[in-house]
Number of protein chains: 2
Amino acid sequence: MDTRERLIESTRELLWERGYVGTSPKAIQQRSGAGQGSMYHHFSGKPDLALAAIDRSAAELRQRAEAAFTGPGSAVERVAAYLRRERDALKGCPVGRLTQDPDVMADPGLRRPVEETFTWLTGRIAELLEEGRAAGELDPALDPRVTATALVATLQGGYVLARAAGDAQVFATAVEGALSMLTR
Amino acid sequence: MDTRERLIESTRELLWERGYVGTSPKAIQQRSGAGQGSMYHHFSGKPDLALAAIDRSAAELRQRAEAAFTGPGSAVERVAAYLRRERDALKGCPVGRLTQDPDVMADPGLRRPVEETFTWLTGRIAELLEEGRAAGELDPALDPRVTATALVATLQGGYVLARAAGDAQVFATAVEGALSMLTR
DNA sequence: GTCTATAGTACGATAGAC
DNA sequence: GTCTATCGTACTATAGAC
């Protein structure tokens, strides 16, 4: 892994752990093993480097979700498989946590990948729920888009509750609660 | 409002807007109109002041929730009333947002009120769901505690999605999606 | 491409006058 | 109780040698 690559990966980790405000160029340099000059050679500054890191985390989230959505099983089973997928619940969502960072949300360039990620994810799950409804797997009373929004919210809120409790199991409980309501 | 009170209220606002890491003593002093010496006379430092602010925000959340829980209507209607209560969705939850702050979660004193708030809230909603189940308002297949966890997660995640979209309506959509699944 | 040196500002807190 | 002065450190970035 070359220097530029190590800078991006170190920034991804630090944004995940400490957020944008809590991540200093110095910390990035120390974690990546790059010097000051090296970092400012490859990137114009902290926002530029953060953009590269956020773009990559957003792309990774989409790829991992799409892998579950195109896996085996019925449409609703694939949604459930995505919700139940193994996660490091106590670390939180690398994309969702950025919504709490005022400096990220204030910068249109940094904000765009965050916004697009959740628009895409909600839309994708809505498609699958629509498919499930057409196949008779799902109560027709449930609006696909509205229900998809609630399911994505349960995931993001599950991270919050797990961190508050200091217990990753709480995330799993929130997911099972949502799935019980969905498929009963 | 005296100086000590203005310091606490200013800190509450800043923690809500910018989080613990993003809130400096200087910013607190400027917003409250207090000088350096004044702040360090009333509080031993940033953590001490943050604790006073967090304690108050946590107490306020509980009071506002309890007001909905003891309002009119059946048990399930009171849960729905709490979920639908007017909120500034784009500002996020003043308590929930602290779970994303590593320096808050690393300090047992600052973390306790956050943890206790969600333990209490989830338990309180579980009680109401149990009451609703006993009254035949709710599908007996739904476990009260698990369902309560999912509902609280929907609220917290609703804030995340609303901020990501830059649209408070997304929060309302998440809540309606959860209630549709619950009460259909 | 990477290094060290340096700049200007802000952070978080303390000291001591009033 | 509040004020100003000050401290040592960290932040974010630039300059210029190699």
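Overview of results
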quantity	calculated
The stretch B:13-22 - residue that is of a type outside the set (Asp, Glu), touching a residue at least 40 places away in the same chain (Cβ under 8 Å) and surrounded by fewer than 21 Cβ atoms within 10 Å (Cβ to Cβ) and, of those, nearest to A:Val21 (Cα to Cα)	B:Val21
Scope the stretch B:173-184; condition assigned to a helix (DSSP H, G or I) and more than 13 Å from A:Arg145 (Cβ to Cβ); matching residues	B:Val175, B:Ala178, B:Leu179, B:Met181, B:Leu182, B:Thr183
When residues of the stretch B:173-184 are limited to those that are more than 7 Å from chain A (Cβ to nearest Cβ) and more than 16 Å from the chain's Cα centre (by Cα), the one least open to solvent (accessible area, probe 1.4 Å)	B:Leu179
Single match in A:Ala168, A:Ala135, A:Ala148 (criterion: facing another protein chain (nearest Cβ under 10 Å) and not hydroxyl-bearing (Ser, Thr, Tyr))	A:Ala148
Residue match in the stretch A:52-71 (condition: within 15 Å of DNA strand D (Cβ to nearest atom) and not charged (D, E, K, R))	yes
The stretch B:113-127, residues that are of a type in the set (Val, Ile, Thr) and surrounded by 15 or more Cβ atoms within 10 Å (Cβ to Cβ)	B:Val114, B:Thr117, B:Thr122, B:Ile125
Long-range neighbours under 7 Å by Cβ, at least six apart or interchain, first residue at positive phi within the stretch A:32-50, second open to solvent by 60 Å² or more (accessible area, probe 1.4 Å) and within 11 Å of DNA strand C (Cβ to nearest atom)	A:Gly33/A:Arg6
The lone exception for A:Val21 - which of (1) within 14 Å of chain B (Cβ to nearest Cβ); (2) within 16 Å of DNA strand C (Cβ to nearest atom); (3) assigned to a helix (DSSP H, G or I); (4) β-branched (Val, Ile, Thr) it fails	(3)
Residue selected from the stretch A:1-18 under the condition of a type in the set (Ser, Thr, Tyr) and within 14 Å of DNA strand C (Cβ to nearest atom), by the criterion nearest to A:Leu98 (Cα to Cα)	A:Ser10
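The values are calculated or read from the model by the stated rules, or taken from the named source; none is laboratory data. These numbers come from a predicted model, not from an experiment. Because the Cβ atoms are built from the backbone with ideal geometry, glycine has one as well, and the counts that use them run over all protein chains shown. Quick note on the areas: whole protein, heavy atoms, side chains included, nothing else; ligands and nucleic acids left out. Shrake-Rupley method; radii C 1.70, N 1.55, O 1.52, S 1.80 Å.
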